[in-house]
Amino acid sequence: MTDKFQAVVIGGGPGGYVCAIRLAQLGFKTACIESRGSLGGTCLNIGCIPSKSLLNLSEEFHKAKHLSGKGIEISEVKLNLSKMMKNKDKAVTILTKGVEFLLKKNKVTYFKGTGSFKSKNEISIKDDQNKEVLIQTDKTIIATGSLPVALPGIDFDEKIIISSTGALKLEKVPKKMLVVGGGYIGLEMGSVWSRLGAEVHVVEFLDHITPGMDKEISSEFMKILKKQGIKFHMQHKVEQIKKNKSGAIVVTTDKENNKKDFECDVVLISVGRKPNTKGLNLEKIGIDLDKKNRIKTDKNFKTKLDDVYAIGDVITGPMLAHKAEDEGIAVAENIAGQSGHVNYDTIPGVIYTTPEVASIGKTEEQLKELNKKYKIGKFSFMANSRAKAIDDAEGFVKILADETTDKVLGAHIIGPHAGELIAEIGVAMEFGASSEDIARTCHAHPTFSEAVKEAALSVDKRAIHS
Ligand code: FAD
Ligand code: NAD
């Protein structure tokens, strides 16, 4: 007799485990299958959490080295990299164990192994000894996430040619690190190793970093990172990577086809991630993929098959943990006959560098493309009293509002705690607020959030402190 479930989730990342918990809350007999041996997916094990731990610790290290200018004398600040890594690993263990506890608490059955379809309603689970268990299910939710993209013909060894996974566990600080791709991972992990002492060079295919971000913010971001010592080589293409005794030589060409070689100890390839559908046996049950190999779904996350759904990085949309989580909740509610829904216009994106960069809604470039008439409100942290008081005043808040209705259409922040400040705009946008609604809301003094209020005031040219 095989076990029978009402719902089975394949993948225990932020999409999968959240979906499994919500299904159980809604009364379904639910199982969650995860192959990596620990729950939490890319995000908790090799993504959001370990990277944020290292971003925080490397920033503390960097700040401690520069405290004397602020009147705090410390005789010597030394790096203990292995202790720093242990600290990061501790955070990962606590959080992944926490997810296991949550599954247990919600009575979700957790299978450790690799899931694949035997048929539409029968799932095979193979453990690391290749022992197979079969389970029956009414509904299946695929949440198998994504994997790093490699450059053609260049494999990751995770020592010299590394993906983000290798960048989270280097055993020593490289003298020189070459980062291929100036996006989320390249700039976050580049910042970590730059603060810890590496000379970091970023080679980017385009003429700007962080594609898709509001251009004004992106160029300010690059200016600030350059001041921090990161070197950028724009419109460069990697042709070849040759490993040598001490590291690698990266052969590139620029837009005029001039050849330039970079010698480095470590090359981080961060040119994007690809959906992970490997080994699921999707062909057998007839599930379609799009041109980018993402699982095709309708707006209710249903694949071509009635009982099979997909969410998170393995489908279309931004590859972000909170997007995967929200889809996990929405699909569970849809399966339960409710009206689960994700508003893709209000998904924030945050880069956790110093300063942080956060955005939500439309960029100026997108509004122009849509022929939408808009007003801009901007406020610099240079004029924000809290930021000045603690000498952390780089960056600005930019709010875009409809020229006629004043409805907030987007917001982009570079500056201290931008990732927290953007949540206020998210709530405002969900409620269909105008910039005046934000401007007339009382914000505590002295806080960074006053910069958001002032940017909202500035939409109608009535900021007080600039
Ligand atoms: P995943 O988290 O990838 O989880 C899928 C899980 O499914 C994996 O654990 C995998 O082992 C498992 N699996 C795959 N196939 C099978 C199978 N056949 N059977 C059983 N299990 C299987 N996003 C943010 O929002 N904020 C951040 O700060 C952030 N930082 C990041 C930093 C890095 C370095 C990286 C790489 C990513 C970061 N992301 C961040 C992106 C975020 O991690 C992903 O968007 C998110 O994890 C996607 O969730 P998911 O559940 O769709 O997939
Ligand atoms: P990305 O899409 O953010 O950036 C990739 C960059 O590489 C782009 O600037 C692109 O123009 C460039 N590029 C592409 N091909 C290139 C080539 N051949 N040579 C040089 N440059 C090239 O991808 P990523 O940094 O690998 O991150 C993957 C995804 O993971 C992100 O898109 C994001 O969804 C997620 N992530 C999120 C966070 C966060 O939320 N803070 C952090 C890390 C990762």
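Just so it is clear, none of the values below were taken in a lab; they were calculated from the coordinates. Just so you know, these numbers come straight off a predicted model, no measurement behind them. Heads up, the Cβs are rebuilt from the backbone with ideal geometry, glycines too, and the neighbour counts pull from every protein chain shown.
Inter-part distance, the range 269-322 to the range 125-191, computed on C-alpha centroids, equals 17 Å. Among beta bridges identified by DSSP and lying wholly in the chain, the antiparallel ones come to about 60 percent. With 0.36 nm allotted per residue and the present C-alpha distance subtracted, the Arg440-Leu370 stretch has 22.3 nm of extension available. Here the 3J(HN,Hα) profile of the range 170-179, calculated from phi with Karplus coefficients 6.51, -1.76 and 1.60 at θ = phi - 60°, is 5, 8, 9, 6, x, 5, 9, 10, 9, 10 Hz, Gly and Pro shown as x. How would you classify the range 346-459 from its alpha-carbon gyration tensor, with a ≥ b ≥ c the square roots of the eigenvalues: rounded for a/c under 1.5, else prolate if a/b is greater than b/c, otherwise oblate? Here the range 346-459 falls in the prolate category. For the range 1-143, the gyration tensor built on C-alpha atoms gives a prolate shape. Its axis ratio a/c (a ≥ b ≥ c) is at least 1.5, and a/b is the larger of a/b and b/c. Proximity of backbone amide H atoms, modeled 1.01 Å from N, is registered between Lys274 and Leu147, Val149 at under 5 Å, excluding neighbours fewer than 5 places apart on the same chain. In whole Å, what is the distance between the alpha-carbon centres of the range 433-455 and the range 217-263? Each part reduced to its Cα centre gives a spacing of 40 Å.
Remark on Phe301: its backbone amide H falls under 5 Å from none of the residues 5 or more positions apart or on other chains, H modelled at 1.01 Å from N.
Within straight-line reach of Lys407, meaning a Cα separation under 23 Å, sit the following lysines at least 8 residues removed in sequence or on another chain: Lys215, Lys362, Lys368, Lys372, Lys373, Lys375, Lys378, Lys398, Lys453, Lys461.
Taking amide hydrogens as placed 1.01 Å from N in the peptide plane, the amide H of Ser434 sits under 5 Å from those of Val408, each at least 5 positions away in sequence or on another chain. Residue by residue, the range 311-320 carries 3J(HN,Hα) couplings of 8, x, 4, 7, 10, 5, x, x, 8, 10 Hz when phi is fed to the Karplus relation 6.51 cos²θ - 1.76 cosθ + 1.60 (θ = phi - 60°); x denotes Gly or Pro. For the chain, a/c is not less than 1.5, where a ≥ b ≥ c are the root eigenvalues of the C-alpha gyration tensor, and a/b does not top b/c. That puts it in the oblate class. Across the range 193-320, Cα pairs under 8 Å and at least six residues apart give a relative contact order of 14 percent. Of the peptides 365-375, 177-187, 158-168, 10-20, the ranking by mean beta-carbon count within 10 Å, highest at the top, reads 10-20, 177-187, 158-168, 365-375.
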